[in-house]
Amino acid sequence: HRTPLFTGRYQDAIEKTARDYDVDPALVQAVIHAESAFNPQAVSSKGAQGLMQLMPGTAREVGVANALDAEQNIRGGVDYLARMISLHNGDVKLATAAYNAGPGAVRRHGGIPPYAETQAYVKRVGILHERYRLASN
């Protein structure tokens, strides 16, 4: 609840892309914050890359040639996030769980998987989403 927000960073790209995919820009900011703390060069130990921590297969699936390019990463990440929101009928908690653990894990468990990392991620994104939404007003 007290983590400083990264308001203003990549704002134009986030807002345009969020509009293009009909996703709340505050949710995109929350996911970027949780995934990479707005570091466009972030690479996880599992191979996820960039602002929205796209796995190489996911990056290919959403047409991202260079996941370390901030604008490509945002476009691909928002595309994938929009797919997860659609797949889960607008349920943002399930969509963010799927973004983190994969849609197969959400399907297998009939909801948010019982993984500590995913449960903490969904909670963190929810808190950040609300804070970014309030900061934009």
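Checking each residue of the stretch 89-96 against the condition of being touching a strand residue (DSSP E or B) at 6+ places or on another chain (Cβ under 7 Å) and in a helix (DSSP H, G or I) gives no match.
Which one is least open to solvent (accessible area, probe 1.4 Å) among residues in the stretch 64-109 that are among the charged types (D, E, K, R) and over 17 Å from Tyr121 (Cα atoms)? Give the derivation first.
Initially, the stretch 64-109 is screened for residues among the charged types (D, E, K, R), giving 69, 71, 75, 79, 83, 91, 93, 107-108.
Remaining after also requiring over 17 Å from Tyr121 (Cα atoms): 69, 71, 75, 79, 83, 107-108.
Numbers: Asp69: 60, Glu71: 128, Arg75: 85, Asp79: 22, Arg83: 92, Arg107: 174, Arg108: 172 Å².
Taking the candidates together, the pick is Asp79.
Residue-wise test of (1) β-branched (Val, Ile, Thr); (2) at pLDDT 95 or above.
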position: Pro4; (1), (2): no, no
position: Arg19; (1), (2): no, yes
position: Val28; (1), (2): yes, yes
position: Leu54; (1), (2): no, yes
position: Val64; (1), (2): yes, yes
position: Ala70; (1), (2): no, yes
position: Leu81; (1), (2): no, yes
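When you scan the stretch 1-84 for helices (runs of 4 or more DSSP H) that lie fully inside it, which ones turn up with 2 or more residues that are out of contact with any Lys or Arg (no Cβ under 9 Å at 6 or more places or on another chain), closer than 20 Å to Ala98 by Cβ and free of Cβ contacts under 8 Å to residues at least 60 places away in the same chain? Those helices (runs of 4 or more DSSP H) span 25-36, 56-61. When residues in the stretch 110-126 are screened for being in a helix (DSSP H, G or I) and surrounded by fewer than 15 Cβ atoms within 10 Å (Cβ to Cβ), 4 of them pass.
For the stretch 15-63, filtering for residues that are among the charged types (D, E, K, R) and open to solvent by less than 60 Å² (accessible area, probe 1.4 Å) leaves 2.
The values are calculated or read from the model by the stated rules, or taken from the named source; none is laboratory data. Since the model is a prediction, treat every value here as computed from it, not as a measurement. We place every Cβ from the backbone using ideal geometry, glycine too, and count neighbours over all the protein chains shown. In case anyone asks, the SASA skips ligands and DNA or RNA and just uses the protein heavy atoms, side chains included. Shrake-Rupley method; radii C 1.70, N 1.55, O 1.52, S 1.80 Å.
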